[in-house]
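Let me give you the structure first, and then I'll get to my questions.
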Amino acid sequence: MFEPLKQVPPDAILGLIAEHANDPREQKIDLGVGVYRDAAGETPVLEVIKAAEQRLIDTQDSKAYIGSAGDAGFNRRMQALTFAGSAPDDRLATLQAPGGSGSLRVAASLILRARSDATVWVSDPTWANHVPLLGGAGLKLEPYPYYDAERNSLRIDAMLETLRGAPKGDIVLLHACCHNPSGLDPDASEWRAIGDVIVERELVPFIDMAYQGFARDIDADAFAIRDLAARVPEMIVSNSCSKNFGLYRDRVGSLSLLTADAASRDIVRSQANNVVRTIYSVPPDHGAAAVRIVLEDEALEAQWLEELGAMRSRLGAMRSLLHDALADKAPDHDFSHLLRATGMFCFLGVSEDRVERLKRDFGVYMVGSSRINVAGITESNVGYLADSIAAVL
Ligand code: LMR
């Protein structure tokens with residue numbers, strides 16, 4: 001039966017985890033997969049999550065099924081964190097999902113059920129797994145211009161022009177903040193202009209928010225969602241708690257659906273629950289329950305925001321550190337775009353063969369597009385990193 005199957009090459013992002021782990025060089029640096037690292041290069045469990053997990057262990061009295069939509073308290077809190085009252089509750093349905101990817105997959109099936117002929121417009125470039133995940137589920141995808149690799153800036157005019165040409169009812173996938181892979185987001189007036197086209201063309205926004213709290217803060221990072229929620233009849237939002245709660249392997253996320261009215265909200269929710277039942281039946285509980293405990297407790301929530309703020313500050317500091325080291329070691333090259341990006345990622349802006357040389361000759365790992373995760377930078381490796389980059393330029 002399995003004979004026709006061919007070997008699949010390692011995943012462009014996840015494949016780097018094993019490659020880096022198997023590299024015996026002491027000076028190796030991992031700027032690959034989007035995982036936060038502290039100054040010691042570790043990804044510890046957040047203190048607030050440890051506290052919530054302890055409380056969960058002490059109080060949880062059953063692990064019986066709780067249904068396809070998951071934990072109702074978690075869903076309520078995630079909805080508030082995302083929309084903050086920008087859309088009426090009776091037009092919103094939120095379901096717990098197994099991470100951002102699980103949420104995207106459920107959304108894909110729902111879109112196919114509702115409008116199988118619609119095209120989903122995705123940014124060029126976008127997260128390396130958006131196209132395989134959504135396209136693999138059966139959706140028709142088209143790119144819209146987003147990032148100018150020559151100027152390291154947004155192609156906002158070209159983006160708007162492409163979206164203006166999209167047929168009514170098509171779906172536009174947007175990154176709420178910390179665009180993956182470029183790290184460059186529209187500013188408030190650019191978001192307004194994108195919203196204008198969405199409203200004018202009657203497009204459906206589909207927003208992926210995997211890094212809420214990593215650009216500026218919880219509220220500012222949800223600006224696009226909240227602004228659009230007040231202006232459009234329908235919207236899809238996928239959230240991930242992988243990064244902002246550090247729950248990567250526990251698979252915690254949510255899917256929110258904004259519908260035109262309360263009656264359609266109930267229908268859409270029933271369809272989404274049915275999609276879940278046919279894929280994974282019910283979402284995993286543990287991580288979402290820990291998030292609920294954090295968000296339901298004022299003191300724990302404050303502690304979470306503090307830990308999140310510390311992660312955000314470190315990312316900003318490491319960006320500046322690399323920028324300054326490169327200004328020193330490679331003064332003929334402009335790396336100022338590093339300072340304009342937010343979140344974990346930006347492009348280094350070097351060719352794929354230079355990315356390969358950085359890996360082969362220096363043990364510096366990044367995605368082939370030259371996307372770097374600045375969380376992999378530390379005070380002690382930045383000198384070696386800048387030397388390595390300067391050597392291949
Ligand atoms: C990334 O972009 O590196 C992360 O979102 C991890 C992943 O699943 O690709």
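Restrict the check to segment 186-204 and report whether at least one residue is in the same structural domain as Val291 (by TED's automatic domain parsing) and within 16 Å of the ligand (Cβ to nearest atom).
No, segment 186-204 has no match at all.
Here is a follow-up. Would a scan of segment 152-165 turn up a residue that is in contact (Cβ under 8 Å) with a residue 24 or more places away in the chain, more than 29 Å from Leu339 (Cβ to Cβ) and in contact with a helix residue (DSSP H, G or I) (Cβ under 6 Å, 6 or more places away or on another chain)?
For segment 152-165, residues in contact (Cβ under 8 Å) with a residue 24 or more places away in the chain, more than 29 Å from Leu339 (Cβ to Cβ) and in contact with a helix residue (DSSP H, G or I) (Cβ under 6 Å, 6 or more places away or on another chain): present.
Return the only residue of Phe83, Phe74 being buried (at least 21 other Cβ atoms within 10 Å of the Cβ), modelled with pLDDT of 95 or more and over 22 Å from Val172 (Cβ atoms). Even if it seems obvious, please write down each step before you answer.
Working: Phe83 fails: over 22 Å from Val172 (Cβ atoms).
Exactly one of Phe83, Phe74 is buried (at least 21 other Cβ atoms within 10 Å of the Cβ), modelled with pLDDT of 95 or more and over 22 Å from Val172 (Cβ atoms), namely Phe74.
Do any residues in segment 107-120 that are among the polar types (S, T, N, Q) have Cβ atoms under 6 Å from those of residues that are assigned to a loop (DSSP other than H, G, I, E, B), where the two are at least six apart or on different chains, and which pairs are they?
Thr119/Asp170
Still on this structure, please answer the following. When segment 157-185 is examined, which residues are found to be within 16 Å of the ligand (Cβ to nearest atom) and on the phi > 0 side of the Ramachandran plot?
Cys178, Gly183
Among the residues of segment 322-344, is any assigned to a strand (DSSP E or B), crowded, with 18+ Cβ neighbours inside 10 Å and aromatic (Phe, Trp, Tyr)? I'd like the intermediate steps shown before the answer.
Let us first name the residues in segment 322-344 that are assigned to a strand (DSSP E or B), namely none.
No: zero hits.
If you don't mind, there's one more thing I want to ask. Look through segment 2-41, keep the residues that are free of Cβ contacts under 8 Å to residues at least 60 places away in the same chain, under 23 Å from the mean Cα position of the chain (by Cα) and more than 10 Å from the ligand (Cβ to nearest atom), and return whichever of them is farthest from Asn373 (Cα to Cα).
Pro10
Looking at (1) within 30 Å of Gly383 (Cβ to Cβ); (2) without any contact (Cβ under 8 Å) to a residue 40 or more places away in the chain, can you tell me which one Ala64 breaks?
(1)
Yes or no: segment 130-148 includes at least one residue that is in contact (Cβ under 8 Å) with a residue 40 or more places away in the chain, in the same structural domain as Ser256 (by TED's automatic domain parsing) and closer than 30 Å to Asp285 by Cβ.
Scanning segment 130-148 turns up at least one residue that is in contact (Cβ under 8 Å) with a residue 40 or more places away in the chain, in the same structural domain as Ser256 (by TED's automatic domain parsing) and closer than 30 Å to Asp285 by Cβ.
Another question about this same structure. Looking only at residues that are under 16 Å from Ala72 (Cβ atoms), surrounded by 20 or more Cβ atoms within 10 Å (Cβ to Cβ) and among the polar types (S, T, N, Q) in segment 252-309, which one is farthest from the chain's Cα centre (by Cα)?
Ser256
Can you go through Ser370, Ser351, Ser380 and tell me which one is at positive phi and free of Cβ contacts under 8 Å to residues at least 60 places away in the same chain?
Of the residues listed, the single one that is at positive phi and free of Cβ contacts under 8 Å to residues at least 60 places away in the same chain is Ser370.
Looking at segment 205-222, which of the residues that are within 16 Å of the ligand (Cβ to nearest atom) and in a loop (DSSP other than H, G, I, E, B) is nearest to Val172 (Cα to Cα)?
Per the stated criteria, the residue is Ala210.
The values are calculated or read from the model by the stated rules, or taken from the named source; none is laboratory data. Nothing here was measured: the structure is a model prediction, and the numbers come from that model. So basically every Cβ, Gly included, is an ideal-geometry build from the backbone, and we count neighbours across all protein chains shown.
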